[in-house]
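The structure appears right after this line, and notes come after that.
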Amino acid sequence: MLRFVPALTALLVCVVTYLAIMERDLLLGYAGVTPAKKQVTATEQTLEEIPAVSVVVLKSTQQPVARGIILRGQTEAFRLVQAKSEANGLVISKPLRKGSLVAEGELLCQLDPGALEASMAEAKARLAEAKAKNAVSTKLVAKGYASETSAIARVAALESAQAALKRTQSLVEKLEITAPFSGLLESDTAEFGALLQPGAPCATIISLDPIKLIGFATEQQVSRISVGGLAGAKLISGKELIGKLTFISRRADRLTRTFRVEVTVPNPDLSVRDGSTAEIFIALDGDQGHLLPQSALTLDDAGRLGIRAALDGQAKFFPVTIINDSAEGVWVTGLPAIVDVIVVGQEFVVDGRRLTTTYRKDAS
């Protein structure tokens, strides 16, 4: 019997300890003692019992986002050509001064024909002689008075005379140097009396309508743009231009690893000059997003960037992605189409916290 006393004692101690800890209020009730009221701390208080926080919200509606890439570049003439001489000769035409407008085919430099006039007359005479001899030879061969060999020789002489006349005519035509396209003279034409040789420049012509915008895109940027896309530019003077992307190089520059990009824009008044500094903007396909003040952005406990919104009278965190930045605010995605964004007081609420909202009309 004595062997069971320690076991009963241990069991009794366990029961008393359980009642003292787990069933304290029940034990005190049997003893006739009123238990002390438990003090509730602020952290144990439910969110519904905490007073609502007053915040300012902005009702934001999803809208298309204007996106693009910006390149530093410059303007460039659509065409620039040096009109050069193909013959030897003295200039006998009056010079045209730089800045003058010239039309396609307009005479720029006229060279002295010199002995070419005599060469032309001689070539025409030899051709007439060859034609006459060939006609006579044909008749004689037909009547049997001449051999076919002589007739072949007359035909060869005729063709040689024709070729000589064409060569002379070609040289005469080269005495007139004309504008290959309509444009502006970037330099004076050759002066009267100047001697031009083959390859010597007569004048430089530049075409500025339309004009090109030249920029260089990185490998990441060039993969996001395509020919035909809308583009524009702002010059250092403040003038804004709008055009289309017309060329993207398939070959990268060996030193910079960038690709040449060309935008063509109208320039009817020729006000845009060749070589002006330009900030080129190339539009990308638009996304849907919200334009919010940058101050509305916050971080959650996990360090995610987002905003806090008022949803059914309570605060809720939404993670967002910034897709563009502007002077009016930041464009973000990841939100419902219409959302009440907390713009004042978002740092003092957590998810589920009751709110008293005041609406702000805009994001300014």
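No lab work stands behind these numbers, since they all come straight from the coordinates. Here the structure is a predicted model, which means the values were calculated and not measured. No Cβ is skipped: glycine too gets one built from the backbone with ideal geometry, and neighbour counts run over all protein chains shown.
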Starting from the Cα-Cα distance between S150 and C14, subtract it from 0.36 nm times their residue separation and give me the gain in nm to one decimal. 34.5 nm
Out-of-range pairs (alpha-carbon distance over 25 Å; input K98/K244; K94/K124; K98/K212; K84/K166; K98/K174; K59/K244): K98/K244; K94/K124; K59/K244
With each pseudo-label sitting 7 Å past Cα toward Cβ, what's the K124-L230 distance in nm, one decimal? 6.2 nm
Quick one: if you stick a label point 7 Å off each Cα along the C-beta vector at D325 and R72, how many nm between them? 1.7 nm
Report the FRET efficiency, 1/(1 + (r/R0)^6), for A163 and K139, where r is their Cβ-Cβ distance and R0 is 25 Å, rounded to 0.05. 0.55
Can you give me the distance in nm between label points at K94 and K131, each placed 7 Å from the Cα along the Cα-to-Cβ direction? 3.9 nm
Along the Cα-to-C-beta direction of T333, a point sits 7 Å from the Cα; which residues of region 282-304 have their amide N less than 16 Å from that point? 284-292
Pick out, in residue order, every one of the chymotrypsin sites (Phe, Trp or Tyr not before Pro) in region 157-251 that is DSSP loop and has at most 15 other C-beta atoms within 10 Å; say none if there are none. F181, F192
Expressed in nm to one decimal, what extension gain is obtained for the pair E86 and L270 from 0.36 nm per residue of sequence separation less their Cα-Cα distance? 63.2 nm
